[in-house]
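Right, one structure below, let's go through it.
The values are calculated or read from the model by the stated rules, or taken from the named source; none is laboratory data. Everything numeric here is computed off the predicted structure, so don't read it as measured data. Cβ placement follows ideal geometry from the backbone for every residue including glycine, while neighbour counts extend to all protein chains displayed.
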Amino acid sequence: MTENKREKELVPDFCPHCGKELTPWEKVLLSVDRALMCRNCWYRIILKPVLFEDNERKSKSEKDS
Ligand SMILES: [Zn+2]
């Protein structure tokens, strides 16, 4: 399941809005739902599409080399 591993790397450890550390369970929910409401500041954390970022990274490294 390499796809799942890749997704987990994109899950932030902290809320990008208030900086509160996310619990392991919240990180699981975020990786599954791609969205999570921070319980501290009610900011809606949204994960960016994984496939899109991967394609961008690949085409960039191809140009560089
Ligand atoms: Zn927050």
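Within the stretch 32-47, restricting attention to residues that are farther than 14 Å from Gly19 by Cβ and among the charged types (D, E, K, R), the residue that is nearest to the ligand (Cβ to nearest atom) is Arg44.
Restricting to the stretch 17-31, name every residue that is surrounded by 13 or more Cβ atoms within 10 Å (Cβ to Cβ) and more than 16 Å from the ligand (Cβ to nearest atom).
First, pick out the residues of the stretch 17-31 that are surrounded by 13 or more Cβ atoms within 10 Å (Cβ to Cβ): 17, 20, 22, 26-31.
Val28, Ser31, listed by residue number.
A search for C-beta distances below 6 Å between a residue of the stretch 29-40 that is more than 12 Å from Phe14 (Cα to Cα) and any residue that is more than 12 Å from the ligand (Cβ to nearest atom), counting only pairs 6+ apart in sequence or on different chains, returns Ser31/Glu7; Ser31/Lys8; Ser31/Val11; Arg34/Leu47; Ala35/Ile46.
Of all the helices (runs of 4 or more DSSP H) wholly in the chain, which have at least 3 residues that are at pLDDT 90 or above?
Working: elements: 2-10, 24-33, 50-64.
Here the list reads 24-33.
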